[in-house]
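Undergrad: Let me give you the structure first, and then I'll get to my questions.
The values are calculated or read from the model by the stated rules, or taken from the named source; none is laboratory data. For clarity, every value in this text was computed on a predicted model and none was experimentally measured. Cβ: placed from backbone, ideal geometry, glycine included. Neighbour counts: every protein chain shown.
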Amino acid sequence: MQALIFDLDGTLVDTVYAHIFAWQRALAEAGMDIEGWCIHRRIGMSGGLFTRAVARELGRDISAPEADALQHRHGELFTQLLPDRRPLPGAMELVRFLRLSKIPFGIATSGKRPEINASLEALGLGQETVVIERGNVTHAKPEPDLFLACQQRLGIAVTDCYVVGDAVWDILAARRAGMLSIGLLSGGYGEDELSRAGAFRVYRDPADLHQSLDELGVYPER
């Protein structure tokens, strides 16, 4: 049986641009001005990798205490900007279909609890859902750790898992994990970018993916 491993931000919940604005403001408050598009290109990395990438963009070092303070402030601002999480079109229906059809699925996100809790609740995902967060693994995307940990928890062979994500970092991590990846346009990356990174198929959003599951050979348990 095939299994689906989902990224969270930009894949199932509409949070990408709130993350961008929160990071931009947190950096600006610390005297580090950076363009929004530069931040967007790195959403999906872990916070630690993100701050290192920003340091390269700014041409200056960001110390460990500075990075910790930035991540903490980002979390505060993100919650202020988006206290309520909105599932992307078709996300709840897709999750409900998978559950009722007994198709294995899980979440593998670079986010951490408690920040991701509101997104999981908005999707109606409870304790029965396999959720791998940043704190559960040593390395985040583009390393494959998150997806491999989710695959192991699901108990499905690597070759039978599809990774569904909205960013090139998801696609690259899936390739390194040995899994086929599905790109969604709902996080702001273009179809050409996701395809060049290695996406097997690209769909508009979770609703489009739901209508196309047969193209992936994903069917209800018989």
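Undergrad: Give the residue, chosen from 170, 166, that is touching a residue at least 12 places away in the same chain (Cβ under 8 Å), in contact with a helix residue (DSSP H, G or I) (Cβ under 6 Å, 6 or more places away or on another chain) and within 15 Å of residue 5 (Cα to Cα). Break it down into steps so the answer makes sense when it comes.
TA: Working: 170 fails: in contact with a helix residue (DSSP H, G or I) (Cβ under 6 Å, 6 or more places away or on another chain).
Every option except 166 fails the conditions.
Undergrad: Right, another one. Quick check: anything in segment 51-59 outside any strand (DSSP E or B), closer than 14 Å to residue 167 by Cβ and not small (Gly, Ala, Ser)? Steps first, please.
TA: Start the filter on segment 51-59 by keeping residues that are outside any strand (DSSP E or B), which leaves 51-59.
When the remaining residues are screened for being closer than 14 Å to residue 167 by Cβ, the result is 53.
Then keep just the ones that are not small (Gly, Ala, Ser); that gives none.
No: zero hits.
Undergrad: I would also like to ask the following. Of the numbered conditions (1) in a loop (DSSP other than H, G, I, E, B); (2) at pLDDT 90 or above, residue 77 fails exactly one; give the number of that condition.
TA: Of everything listed in (1) in a loop (DSSP other than H, G, I, E, B); (2) at pLDDT 90 or above, residue 77 misses just condition (1).
Undergrad: If you don't mind, another one. Considering segment 138-159 alone, what residues qualify as being farther than 19 Å from residue 102 by Cα and within 15 Å of the chain's Cα centre (by Cα)? Talk me through it step by step, then tell me what you get.
TA: In the first step, residues of segment 138-159 are kept if they are farther than 19 Å from residue 102 by Cα; the result is 138-149.
Result: 139, 140, 141, 142, 143, 144, 145, 146, 147, 148, 149.
Undergrad: Take the conditions modelled with pLDDT under 95 and of a type outside the set (D, E, K, R) and apply them to residue 165. Does it pass? Reasoning before the result, please.
TA: On the way: modelled with pLDDT under 95: no; of a type outside the set (D, E, K, R): yes.
Criteria not met by residue 165.
Undergrad: For the list (1) buried (at least 18 other Cβ atoms within 10 Å of the Cβ); (2) free of Cβ contacts under 8 Å to residues at least 40 places away in the same chain, I need the number of the one condition that residue 28 fails.
TA: Result: residue 28 fails condition (1) only.
Undergrad: Here's a follow-up. Of all residues being in contact (Cβ under 8 Å) with a residue 24 or more places away in the chain and among the polar types (S, T, N, Q) in segment 108-125, which is nearest to residue 152 (Cα to Cα)? Just the residue, please.
TA: Going through the qualifying residues, I end up with 109.
Undergrad: Another one. Does residue 48 meet the test of being in a loop (DSSP other than H, G, I, E, B) and more than 19 Å from residue 123 (Cα to Cα)?
TA: So residue 48 does not fit the description; no.
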